[in-house]
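Before any comments, here is the structure.
The values are calculated or read from the model by the stated rules, or taken from the named source; none is laboratory data. What you are looking at is a predicted structure, and each value in this text was computed from that prediction instead of being measured. Here the Cβ positions follow ideal geometry from the backbone for every residue, glycine too, while neighbour counts run over all protein chains shown.
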Amino acid sequence: MANILIIEDEAAIRRVLGKILAEENKSFKIDEAENGKIGFDMIKNNAYDLVLCDIKMPVMDGIEVLEKAVALGTEAPIIMISGHGDVQTAVDCLKKGAYDYIAKPPDLNRLLSTVRNALDRKSLVVENKVLKKKISKNYEMIGESPSILAVKEMIEKVAPTDARVLITGPNGSGKELVSHWLHQKSNRNKAPLIEVNCAAIPSELIESELFGHKKGSFTSAVSDRKGKFELASGGTLFLDEIGDMSLSAQAKVLRALQEGKITPVGSSKEIKVDVRVLAATNKNLRNEIAEGNFREDLYHRLSVILIEVPGLNDRREDIPHLVEHFVEKITKEHGTAPKKFNANALKLLQAYDWTGNIRELRNILERLIILGSAEITEEDVKRYVSK
């Protein structure tokens, strides 16, 4: 069912529009407003899926309704209707945020087609918001320890800028979460976050992966391919485990950061890119520089901002919060009832040596949920958690 509002000062036209929409779909719920002020008040106080709005009206005209509704942040597409308009009026309406403009008397097929498309768009907007919420939930940063609060505070300060960030911390500590939050809270969040695991790509293929290649530039290059830098243009590129990148690839990444240009493998043509680069590593890059494995100039380019993610052993007070979070998530995935952990079980988990950090904790909790008692006890932890 769609909730539709018709704002029109002529009662006969309101009735005709309402009848057309009702015949199109009997499940439509249609409200009417006889002038712009009443219509805007109804937009403020109700969740509409679509608004049809006349332009020339007493009290408040349709253009003002449109401007106020857009400023209010309404998600409902607004279709402007007028018998006094021209091309310039239509263009002005679209620039101010209208979904479409239809002249009176409206062509029936055009009106219904526009209504269908507008409702489809509204549905997509809602689905996209739901999806974004799910994505955000998957990358929640759980914990209230001083060390994790410091990371969250740093993210809030740094995310709105375009500054490059180097994220350090042990394996499994949550460096990827930091990269996702930096992107989601940035001005680039409508563009993609492209991730590259530098440790998982063979050194001979890393340059092709990052910068793309032309057909025939090497044996398996059967077609042109865009690289991650180009795919991330306008958004964010996350270079995970950058400490494992080859020196030759490091040199090209440095040039891309300096000049904002890349050259695909096998091509002489430069491509401009607009990318914010985030990098992460579990290595001490200063030691890698001393050993000749990492370029010092690239290190300084990447580490405009440094964020160090603490290991789980350094934030043990967060373990009860993490247990609650993961238990809810894991039981949903398995379709089982949530399980409680008694106080002694939690104390044992807090005393455990978490060399694998958050990733290890999640895996162990899944094991306990599958194999443990209805309430996870100290005995369950001793039985199923061992080095």
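Points to keep in mind about this one:
- Flag for residue 185 being under 27 Å from residue 308 (Cα atoms) and among the basic types (Lys, Arg): yes
Yes or no, residue by residue, for (1) out of contact with any His (no Cβ under 7 Å at 6 or more places or on another chain); (2) in contact (Cβ under 8 Å) with a residue 60 or more places away in the chain; (3) assigned by TED's automatic domain parsing to the domain that holds residue 113; (4) not polar (S, T, N, Q):
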site: 13; (1), (2), (3), (4): yes, yes, yes, yes
site: 19; (1), (2), (3), (4): yes, no, yes, yes
site: 22; (1), (2), (3), (4): yes, no, yes, yes
site: 25; (1), (2), (3), (4): yes, no, yes, no
site: 29; (1), (2), (3), (4): yes, no, yes, yes
site: 32; (1), (2), (3), (4): yes, no, yes, yes
site: 35; (1), (2), (3), (4): yes, no, yes, no
site: 41; (1), (2), (3), (4): yes, no, yes, yes
site: 49; (1), (2), (3), (4): yes, yes, yes, yes
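- Residue within the stretch 65-76 that is more than 22 Å from residue 121 (Cα to Cα), surrounded by 14 or more Cβ atoms within 10 Å (Cβ to Cβ) and assigned by TED's automatic domain parsing to the domain that holds residue 93 present: no
- Going through (1) out of contact with any helix residue (DSSP H, G or I) (no Cβ under 9 Å at 6 or more places or on another chain); (2) surrounded by 15 or more Cβ atoms within 10 Å (Cβ to Cβ) one by one, residue 247 falls short only on (2).
- Residues of the stretch 162-221 satisfying the condition of being modelled with pLDDT of 95 or more and at positive phi: 169
- Check on residue 5, closer than 19 Å to residue 115 by Cα and outside any helix (DSSP H, G or I): yes
- All conditions but one from (1) touching a helix residue (DSSP H, G or I) at 6+ places or on another chain (Cβ under 6 Å); (2) surrounded by 14 or more Cβ atoms within 10 Å (Cβ to Cβ) apply to residue 356; the one that does not is (1).
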